[in-house]
1. Can you list, bin by bin at 5 Å, the percent of alpha carbon pairs in the range 1-101, starting at 0?
2. Could you give each residue of the range 135-152 its phi-based ³J(HN,Hα) in whole Hz, using Karplus coefficients 6.51, -1.76, 1.60 with θ = phi - 60°, and x for Gly or Pro?
3. Is there a quick way to get the dipole size of the chain? I mean about its Cα centre, with the Cβ of Lys and Arg at +1 and of Asp and Glu at -1; what is the value in debye to the nearest 20?
4. Identify which of E96, E38, E85 has the largest mean-square fluctuation in a Gaussian network model of the chain, with springs joining Cα atoms closer than 10 Å.
5. In whole angstrom, note down how far apart the Cα centers of the range 83-152 and the range 54-77 are.
6. Mind checking the log10 I(q)/I(0) for the range 28-152 at q = 0.20 Å⁻¹? Debye, one equal scatterer per Cα, no solvent, two decimals.
7. Between T77 and Y104, what length comes free when the chain is fully extended (0.36 nm per residue of separation minus the Cα-Cα distance, one decimal in nm)?
8. What is the angle, in °, between the Cα long axis of helix 5-16 and the longest principal axis of the Cα atoms in the chain? Nearest 10 is fine, range 0 to 90.
Amino acid sequence: MRLDNLDKQLLGLLQDNCKYTNKALAIELGLSVTAVYERIKKLERNGIVKGYTALVDKSKVDKGFVAFCHVKLIQHTQDYVVKFEREVKQLSEVLECYHISGDYDYILKVLVKDVNEFRDFMVNKLTRIDHIGSTHSMFVIGEVKHTTKITF
């Protein structure tokens, strides 16, 4: 699906606040409420809008410790990759996981309460996944920029 300027503006508004009413979006875009509704449905049907979510302040829910973990597998066979990816998806502490190039195979963004909970996660969950050869962790000192918004 090719996005026109109105679709891009609509996506920007939805990313700013997905709780905008169709009427408010229509006023902002100079469209009818029906036109906005149809555009949103089209974006959803085409998988451009995958869902709607609330952004939670991690420090206010006692999950303020962020770590990034590099993971290297013992081997790069299809079985090892598939098994690792399947198992890491089950770890609630892992917010994001990317298969990457370079010295390591994966990078994980991990969110927990504190360093003790991170240690527990590493010892009792992550390193119990078969075929992990090594890990390397880094801890966030301060968040400089965090956004989920894609700009056009």
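1. 2, 9, 16, 14, 11, 10, 13, 13, 7, 3, 2, 0
2. Running phi through 6.51 cos²θ - 1.76 cosθ + 1.60 with θ = phi - 60° gives 9, 9, 10, 10, 10, 6, 8, x, 8, 8, 8, 8, 9, 10, 7, 9, 9, 10 Hz.
3. That gives a dipole near 440 debye.
4. Among E96, E38, E85, the largest mean-square fluctuation in the Gaussian network model of the chain belongs to E38.
5. Cα centroid to Cα centroid, the span is 4 Å.
6. Each listed q maps to, in turn, -1.15.
7. Full-extension gain reported as 8.3 nm.
8. Its long axis makes an angle of about 60 degrees.
The values are calculated or read from the model by the stated rules, or taken from the named source; none is laboratory data. Everything numeric here is computed off the predicted structure, so don't read it as measured data. So basically every Cβ, Gly included, is an ideal-geometry build from the backbone, and we count neighbours across all protein chains shown. Each accessible area value is taken on the protein alone, full model and side chains, heavy atoms only, with ligands, DNA and RNA left out. Shrake-Rupley method; radii C 1.70, N 1.55, O 1.52, S 1.80 Å.
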